[in-house]
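A short worksheet on the structure shown next.
The values are calculated or read from the model by the stated rules, or taken from the named source; none is laboratory data. Source: prediction; values computed, not measured. Heads up, the Cβs are rebuilt from the backbone with ideal geometry, glycines too, and the neighbour counts pull from every protein chain shown. With ligands, DNA and RNA removed, areas are computed over all heavy atoms of the protein, side chains included. Shrake-Rupley method; radii C 1.70, N 1.55, O 1.52, S 1.80 Å.
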Amino acid sequence: MARRFGTRSTFAVEIGEALSPALRVVDLWAADTLLTTDDNVAFVPAFRRLLRDTAEQVRRRAIPPCPFPGRPAEEVFRLLAADQTEFRERYWFLRWGETVDNLSSYAYLDDALVLVFAFWRSDPAGREDRGRVFSATICPDEFTATLDAAVDLLEAKTAGRR
């Protein structure tokens, strides 16, 4: 049975069964949308490090402010996606390997943490969300608490604790 941390409507990590000591089923959600549509098997050692690093980045508020203040999240996404310079790379987010390699995602602080994302391939399950922009707004402390709890469980399971 999977353990969920966070809320699917904003951001959630669901830790499922262990397939081996180093591989685990992990589903990620934001804006009531499953992000791990192509591959939900994470290599635990690398995945824990990525989550921990992202939590620390958000905890330090090392996320830039909205690059285009006053514009809707969908427009911010499209403007960043169209930018071909290093500017947009400052906003890249959820760069967590194969589990989310079907996702273009950015984040910025606008009082809260704003996640904006779109799928760049069609969902293998047949859902046609390719190109549709989604957004979720979450308190930075809630986001880091979600990641911290998921990392704690992954570390406990790896160490053989329940």
Just the residues that are under 23 Å from Thr137 (Cα atoms) and in a strand (DSSP E or B), please, taken from the stretch 25-42. Val26, Asp27, Leu28, Trp29, Ala30, Thr33, Leu34
If you go through the stretch 132-144 one residue at a time, do you hit one that is at pLDDT 95 or above, charged (D, E, K, R) and either part of a loop (DSSP other than H, G, I, E, B) or surrounded by fewer than 20 Cβ atoms within 10 Å (Cβ to Cβ) (or both)? yes
Inspect the stretch 89-96 for any residue being within 24 Å of Ala149 (Cα to Cα), free of Cβ contacts under 8 Å to residues at least 24 places away in the same chain and either open to solvent by 70 Å² or more (accessible area, probe 1.4 Å) or assigned to a helix (DSSP H, G or I) (or both) and give the result as yes or no. yes
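Residue-by-condition table, conditions (1) more than 16 Å from Phe119 (Cα to Cα); (2) of a type in the set (D, E, K, R); (3) under 15 Å from the mean Cα position of the chain (by Cα):
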{"site": "Ala2", "(1), (2), (3)": "yes, no, no"}
{"site": "Phe5", "(1), (2), (3)": "yes, no, yes"}
{"site": "Val26", "(1), (2), (3)": "yes, no, yes"}
{"site": "Ala55", "(1), (2), (3)": "yes, no, yes"}
{"site": "Arg60", "(1), (2), (3)": "yes, yes, no"}
{"site": "Ile63", "(1), (2), (3)": "yes, no, yes"}
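Just the residues that are open to solvent by 50 Å² or more (accessible area, probe 1.4 Å) and either part of a helix (DSSP H, G or I) or modelled with pLDDT of 95 or more (or both), please, taken from the stretch 149-162.
Going through the stretch 149-162, the residues open to solvent by 50 Å² or more (accessible area, probe 1.4 Å) turn out to be 152, 155, 157-162.
Hits for the stretch 149-162 are Asp152, Glu155, Lys157, Thr158.
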Identify the residue in the stretch 43-68 that is in contact with a strand residue (DSSP E or B) (Cβ under 8 Å, 6 or more places away or on another chain) and in a loop (DSSP other than H, G, I, E, B) and, among all such residues, is farthest from Leu154 (Cα to Cα). Pro67
Residue tally, condition small (Gly, Ala, Ser), in contact with a Lys or Arg (Cβ under 9 Å, 6 or more places away or on another chain) and closer than 16 Å to Leu147 by Cα, over the stretch 11-51: 4
In this structure, is Ala81 among the small types (Gly, Ala, Ser), part of a helix (DSSP H, G or I) and open to solvent by less than 50 Å² (accessible area, probe 1.4 Å)? yes
